[in-house]
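Okay, structure first, notes after.
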Amino acid sequence: MEGDFRLLGPIDLLQLLAQGGKTGAFRVEGGEVYLERGRPVHAAYGGVEGAEALLAVLALKEGRFRFFPGEAAPRRTLEGPLEAYLLEAVRRLGEGVEVGPFDLVRPTAAGLEAQATLEPEAFALLQAASGGKSPLDLAAATGLPLGRVLKGLGQLARLWLVEVSPRVPRTARLRVALGGKGAQVDILLLKAWREHFGRVLRVCVRAGEREAVLPVEGAEGLGVVLSLSPELLLFHGLKAGEEVLVWPEV
């Protein structure tokens, strides 16, 4: 097996070899990565060995490679499964699939198999996504900011550890909180609505039998919170902490 990185980069190639449980040496100019039954056991690149060498190989954008099956590593400088290194490489490179707040996300078979080997935040997202959830649901379930949830899911999707199905951005279940100015929702949520529906200036809010239409602005870091000023809370009979349904007036 040999070629160049024009169609598939080292991240994808090593992931394929790992998923196939291969043993051997993956060589590039100036470096090499050894696999043993799909797990990385040694890497060397540019005079460096271990994790940083593996991450340097994963970051390559051009060049040629060749895989030598069955070749044993001269020593062991790596521990753990490949997925953890791949996820770190994707983070460093800023690569990721675009995920919307309303999209349906579910773990793939590879994700379920790898989840116990990942760092805590990725593990929490995979566990919470079992059965299929939206990033908004995952932000509520994990307590993570919506922006971090979207970024983390994009990185997991880049490695095919989660499957993302686009959905129309419509109704969000949010928690009312006391704010300082008018009505505000997370800026990423408002962006998703505006990208689909155009200019969204007001939202409909339903709490039980009550319904209100409010001018809305975006604010960073609100996640699953609908921030309302004291005046709006009193006028519409809403309470901090209660859940409401919110959708754009179109």
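Quick test for you: out of Ala139, Ala157, Ala114, pick the one residue that is touching a Leu at 6+ places or on another chain (Cβ under 9 Å), surrounded by 15 or more Cβ atoms within 10 Å (Cβ to Cβ) and within 28 Å of Gly38 (Cα to Cα).
After ruling out the rest, the residue left standing is Ala114.
Which numbered condition trips up Gln15, out of (1) free of Cβ contacts under 8 Å to residues at least 40 places away in the same chain; (2) within 20 Å of Ala114 (Cα to Cα); (3) surrounded by 14 or more Cβ atoms within 10 Å (Cβ to Cβ)?
If we test Gln15 against (1) free of Cβ contacts under 8 Å to residues at least 40 places away in the same chain; (2) within 20 Å of Ala114 (Cα to Cα); (3) surrounded by 14 or more Cβ atoms within 10 Å (Cβ to Cβ), just (1) comes out false.
Quick check, is Ala116 farther than 30 Å from Pro169 by Cα and in the same structural domain as Gly152 (by TED's automatic domain parsing)?
Here the answer is yes, as Ala116 does meet what is asked.
May I ask you to say which residue of Trp193, Trp247 is surrounded by 22 or more Cβ atoms within 10 Å (Cβ to Cβ) and aromatic (Phe, Trp, Tyr)?
Working: Trp247 fails: surrounded by 22 or more Cβ atoms within 10 Å (Cβ to Cβ).
Going through Trp193, Trp247 in turn, the sole match is Trp193.
Against the condition crowded, with 20+ Cβ neighbours inside 10 Å and out of contact with any Asp or Glu (no Cβ under 6 Å at 6 or more places or on another chain), how does Val176 come out, does it pass?
No.
How many of the residues making up the stretch 53-107 are of a type in the set (D, E, K, R) and either over 19 Å from the mean Cα position of the chain (by Cα) or surrounded by 19 or more Cβ atoms within 10 Å (Cβ to Cβ) (or both)?
Matching residues across the stretch 53-107 total 10.
Considering Glu52, Glu83, which residue is under 25 Å from Glu119 (Cβ atoms) and in contact with a helix residue (DSSP H, G or I) (Cβ under 9 Å, 6 or more places away or on another chain)?
Of Glu52, Glu83, the one residue that is under 25 Å from Glu119 (Cβ atoms) and in contact with a helix residue (DSSP H, G or I) (Cβ under 9 Å, 6 or more places away or on another chain) is Glu83.
Of the residues that sit in the stretch 110-136 and are more than 15 Å from Gly223 (Cβ to Cβ) and assigned to a loop (DSSP other than H, G, I, E, B), which one is nearest to the chain's Cα centre (by Cα)?
That would be Ala129.
Among the candidates Val90, Val97, single out the residue that is modelled with pLDDT under 95, part of a helix (DSSP H, G or I), under 30 Å from His196 (Cβ atoms) and among the β-branched types (Val, Ile, Thr). Don't jump to the end; show me each part of the working.
On the way: Val97 fails: part of a helix (DSSP H, G or I).
Of the residues listed, the single one that is modelled with pLDDT under 95, part of a helix (DSSP H, G or I), under 30 Å from His196 (Cβ atoms) and among the β-branched types (Val, Ile, Thr) is Val90.
The values are calculated or read from the model by the stated rules, or taken from the named source; none is laboratory data. In this text, all values refer to a predicted model and were calculated from it rather than measured experimentally. Positions of Cβ are backbone-derived with ideal geometry, glycine not excepted, and every protein chain shown enters the neighbour counts.
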